[in-house]
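Student: I am attaching a structure below and will ask some questions about it afterwards.
Bear in mind these aren't lab numbers, they're just calculated from the coordinates by the rules spelled out. Nothing here was measured: the structure is a model prediction, and the numbers come from that model. Glycine also receives a Cβ, built like all others from the backbone with ideal geometry; neighbour counts cover every protein chain displayed.
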Amino acid sequence: MYRTHTCGELRLADKGAKTTLAGWVQTVRKFGAITFVDLRDRYGITQLLFGEELNKQLEENPPGREFVLQAAGTVNERSNKNPNIPTGDIEILVSSFTILSKSSVPPFTIQDDTDGGDDLRMKYRYLDLRRNEVKKNLELRYAVNRAARSYLHGQNFIEVETPYLIKSTPEGARDFVVPSRMNPGQFYALPQSPQTFKQLLMISGYDRYYQIVKCFRDEDLRADRQPEFTQIDCEMAFVEQEDVLNMFEGMVKHIFKEVKGIEYNEAVPRMTWEDAMWNYGNDKPDIRFDMKVTNLVFSKQMFPNKSTVLPEEMFAIPPWGGGGAEAVLAIAVPGCADYTRKQTDELTEWVKRPQIGMKGLVFIKCNTGGSYKSSVDKFYSEDKLKTIAEAAGTKAGDLVLILAGPEERTRKAISELRLEMAERLDLRKKDEFKPVWVLDFPLFEYDEEGNRWVARHHPFTAPKPSQIETMISNNPAIENTAEYVKHPYANIKANAYDMVLNGNEIGGGSIRIYQRELQEKMFAALGMDKEEQQHKFGFLLGAFEYGAPPHGGIAFGFDRLCAILGGSESIRDFIAFPKNNAVRDMMLDAPSTIDEKQLEELQIKLDLRG
Ligand code: ASP
């Protein structure tokens, strides 16, 4: 037997007990004739005490950092106790030891506060995984996994595995492809999600399916994305949107409770996509804090039913681009009226960064004494500043920040600025969890480059029943590209929903189309002719002819959910073996070239263009 206990197990109550431990050497400290070794395993750290009688043996076989050591001895009360670790009251008086495995000097010290930097961590990920921080993350991931499974199992869901070598599934990204040796010149695609399979399973009668499953998307590099990631993928038959929302907010509440001990008993709030864009500037609002956007000027095309809070003419002078700005949007930042010149200058630079892309920033300070100071004093009387500030819902002491420019960019920028200010004011608390459903997304998005409609979610999403007619009876062609927002398609809403948690989309899904005819219309609206439809989705269209039940589902981003619950920004920290920002596995040094022989078998000749 290699060990009788783990390194996290023994306590003062075990005093006098015989024990054998095995683990990794964290530190070796020599004090005169005696030597202390901290021995670590997955469960904790226990101090070993080697007395004088073992000196000779230690000299012949000195254990170093990260050696794998087995030590037998007796549990002893420590004279110098360590209250910071659970085993801190005891130590093991070692009677014999064996070095089971030696270690080279590790490239970084395996301690909580030394991680050696990103590149080294990734290259030696197996060592990084020994660190407490990373271990805690993987444990949390497993807890989320267990909680999701137990909930879904309790609700009669069945986990079914679907294949990884498939034909393309459109989820808006590029496919990873795998050449087939047996079918030269032909390729499989790795699934961007099991979308079509889970729909087929509904047709097969498995009315509640889930799968914790890998998905693969060859996306352009964006911070904190992984080319392979994990979803909690779910589908249900005989459901309407309401059923799906209830089922899965139940799951999220169960996870909160099991993993974080949080009782979240109220209903998850709901918000339409339009309201999210209107009040927060984006469709994944962080509702842990308020600071809503005030729409001083905006396009009536995007929000035909809203009216301005102030007359638009008020903004028809510089610095709003002489009235040319499509959108003028404001937020009121609580308690920041005392910002110095330096601070407002720095914020101005911040909004001008290419990622934000604004030309400038206008501010109004609502001083506690009742006066108003602004960067546009030249153009506005104090009275007018007051009117604008009040329209933005300010209190004394607030700082109004105003951005102006093209509508889409300005909305995005104000939402980023809102998050940034909340970050600075410490309003984005890591231990607070505020989910919200965002509903009624547009069915289509306009792709300017291709001058065509693309599915905002994916092409299997059903339109709102009341708008099916609009979709069927209108020609998708866009005559005047500049005016695409006026096309009836721009206003068709989908039966789709996202769950947003603390400003991150953690889940998204929809009620699906289940009639062949409507699905064909949808493909056609996306510019797919009959032949292409048949080539790509013949199997699904065919299946719709054999009794397809109404169905819908959702998929949760498992890595992201874990990261948020773990209070981290980075999904990488919650994946055992992630890729780096250049989509490389630093440890394996992958991707890599393959042998000439492998290429030959695949009958592939490389021609690397450019
Ligand atoms: N397959 C979708 C996705 O990966 C989720 C869904 O519609 O259920 O985003």
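Student: Hey, with R₀ at 60 Å, roughly what FRET efficiency would Ser103 and Glu517 work out to, going by the Cβ-Cβ distance, to 0.05?
Tutor: Numbers: r = 66 Å, r/R0 = 1.10.
The calculated FRET efficiency here is 0.35.
Student: Calculate the dipole size of the range 513-610 relative to its Cα centre from +1 charges on Lys and Arg beta carbons and -1 charges on Asp and Glu beta carbons; express the result in debye to the nearest 20.
Tutor: For the range 513-610, the charge dipole is close to 280 debye.
Student: Going through the range 83-144, which trypsin sites (Lys or Arg not before Pro) have at most 13 other Cβ atoms within 10 Å and a DSSP loop state?
Tutor: When the trypsin sites (Lys or Arg not before Pro) of the range 83-144 are filtered for loop state and at most 13 Cβ neighbours within 10 Å, Lys102 remain.
Student: Moving on to the next point. With viscosity set to 0.692 mPa s and temperature to 37 °C, compute the Stokes-Einstein D of the range 470-592, Rh being the Kirkwood radius across alpha carbon pairs; µm²/s, no decimals.
Tutor: 178 µm²/s
Student: Roughly how many Å is it from the Cα centre of the range 503-553 to that of the range 411-453, as a whole number?
Tutor: Taking the Cα centre of each part, the range 503-553 and the range 411-453 sit 27 Å apart.
Student: Here is a follow-up. Below 15 angstrom from the Cβ of Gly32, what's the summed charge of the other residues (Lys, Arg +1; Asp, Glu -1)?
Tutor: Details: positive: Arg29, Lys30; negative: Glu52, Glu53, Glu59.
Taking every other residue near Gly32 into account, the sum is -1.
Student: Over the range 28-95, what is the relative contact order in percent, taking alpha-carbon pairs closer than 8 angstrom and at least six residues apart?
Tutor: Working: 100 pairs, mean separation 22.0, N = 68.
The value is 32 percent.
Student: Let me ask something else about it. From the residues Leu385, Ser374, Trp350, which one has its Cα farthest along the dipole of the range 333-397 in the positive direction, the dipole being from +1 and -1 charges on Cβ of Lys/Arg and Asp/Glu about the Cα centre?
Tutor: Trp350
Student: Taking neighbour Cβ counts within 10 Å as the exposure measure, how do Ile45, Ile402 sort from fewest upward?
Tutor: Arranged by neighbour count, lowest to highest, Ile45, Ile402 become Ile45, Ile402.
Student: Roughly how big is the range 396-447's charge dipole about its Cα centre, with Cβ charges of +1 (Lys, Arg) and -1 (Asp, Glu), in debye to the nearest 20?
Tutor: 200 debye
Student: Follow-up. As a footprinting exposure proxy, order Trp24, Trp273 by other Cβ within 10 Å, with the fewest listed first.
Tutor: Ascending number of Cβ neighbours within 10 Å: Trp273, Trp24.
Student: Determine Rg/Rh for the range 149-229; Rg is computed over alpha-carbon atoms and Rh is the Kirkwood hydrodynamic estimate from the same atoms. It would help to have the intermediate numbers written out before the result.
Tutor: Details: Rg = 14.9 Å, Rh = 14.2 Å.
Taking Rg over the Kirkwood Rh, I get 1.04.
Student: Looking at Tyr2, Ala576, Ala490, which one has the Cα that reaches farthest to the positive end of the dipole of the chain (charges on Cβ: Lys, Arg +1; Asp, Glu -1)?
Tutor: Tyr2
Student: What distance in nm separates the simple spin-label points at Arg409 and Val454, each placed 7 Å from Cα in the Cβ direction?
Tutor: 2.0 nm
Student: Number of Lys pairs in the range 474-610 with C-alpha atoms less than 24 angstrom apart, excluding same-chain neighbours closer than eight positions?
Tutor: Qualifying lysine pairs in the range 474-610: 5.
Student: I need two numbers for the range 342-416: Rg to one decimal and Dmax as a whole number, Cα atoms only, in Å.
Tutor: 12.7, 37
Student: Also, quick follow-up: Which one of Asn475, Ile212, Phe176 is farthest out on the positive end of the charge dipole of the chain, using unit charges on Cβ (Lys, Arg +1; Asp, Glu -1) and the Cα centre as origin?
Tutor: Towards the positive end, the residue furthest out is Ile212.
Student: Moving on to the next point. Would you tally the net charge around Asn502, using a Cβ to Cβ cut-off of less than 13 Å, leaving Asn502 out, and scoring K and R as +1, D and E as -1?
Tutor: For residues surrounding Asn502, the net value is +2.
Student: Another question about this same structure. Enumerate the calculated ³J(HN,Hα) couplings along the range 160-168 in order (Karplus 6.51 cos²θ - 1.76 cosθ + 1.60, θ = phi - 60°), each rounded to whole Hz, writing x wherever the residue is Gly or Pro.
Tutor: Couplings: 10, 7, 10, x, 9, 9, 9, 9, 3 Hz.
Student: Could you check the spin-label model distance between Gln57 and Lys359? Points 7 Å from the Cα along Cα→Cβ, value in nm.
Tutor: About 8.0 nm, to one decimal.
Student: Okay, moving on. In µm²/s, what is D for the range 212-261 at 37 °C and 0.692 mPa s, where D = kT/(6 pi eta Rh) by Stokes-Einstein and Rh is the Kirkwood radius from Cα pairs?
Tutor: Result for D is 244 µm²/s.
Student: For a protection proxy built on the mean count of beta-carbon atoms within 10 angstrom, sort 594-606, 274-286, 359-371 highest first, please. Show your work: numbers first, answer last.
Tutor: Numbers: 594-606: 10.9, 274-286: 20.9, 359-371: 17.1.
In decreasing order of mean packing, 594-606, 274-286, 359-371 become 274-286, 359-371, 594-606.
Student: Right, something else. So who's got an amide H within less than 5 Å of the one on Ser374, skipping anything under 5 residues away but keeping other chains? H placed 1.01 Å off N, in plane.
Tutor: Correct list: Lys365.
Student: Moving on to the next point. Tell me, what is a quarter of the convex hull surface for the C-alpha atoms of the chain, in nm² with one decimal?
Tutor: Spelled out: convex hull of the Cα atoms, projected over all directions, averaged, 37.4 nm².
Student: Within 12 Å, Cβ to Cβ, of Pro194, how many net charges do the neighbouring residues add up to if Lys/Arg are +1 and Asp/Glu are -1?
Tutor: Around Pro194, the charge tally is -3.
Student: Just grab the label-to-label distance for Thr470 and Asn246, each label 7 Å out from Cα along the Cβ direction, in nm (one decimal).
Tutor: 2.8 nm
Student: A further question follows. What is the calculated FRET efficiency for Asp431 to Gln155, with r their C-beta to C-beta distance and R₀ = 41 Å, to the nearest 0.05?
Tutor: 0.90
Student: So what is the relative contact order of the chain, in percent, for Cα pairs below 8 Å that sit 6 or more residues apart? Each step should come with its number before you reach the end.
Tutor: Working: 1145 pairs, mean separation 79.3, N = 610.
After rounding, I find 13 percent.
Student: Also, I was wondering about something else. At 20 °C and 1.002 mPa s, grab the translational diffusion coefficient of the range 44-136 from Stokes-Einstein with a Kirkwood Rh over Cα pairs, rounded to a whole number in µm² per second.
Tutor: 141 µm²/s
Student: Starting from 0 in steps of 5 Å, tell me what percent of the Cα-Cα pairs of the range 393-456 lands in each bin.
Tutor: 4, 11, 11, 17, 18, 17, 10, 7, 3, 1
Student: Taking the Cα centre of the chain as origin, sum charge times position over the Cβ atoms of Lys and Arg (+1) and Asp and Glu (-1), and report the length of that vector in debye to the nearest 20.
Tutor: 1100 debye
Student: Let me ask something else about it. Contact order normalised by length for the range 219-337, with contacts defined as Cα pairs under 8 Å and 6 or more residues apart; what percent is it? Show your work: numbers first, answer last.
Tutor: Numbers: 76 pairs, mean separation 20.4, N = 119.
Relative contact order for the range 219-337 comes out at 17 percent.
Student: So what is the 222 nm mean residue ellipticity for the chain from helices alone, if each DSSP H run of at least 4 adds -39500 (n - 2.57) and you divide by all residues, rounding to the nearest 500 deg cm²/dmol?
Tutor: Result for the chain, helices only: -7500 deg cm²/dmol.
Student: Oh, and also: Rg/Rh for the range 495-550 to two decimals, with Rh computed the Kirkwood way over all alpha-carbon pairs.
Tutor: Value, to two decimals: 1.12.
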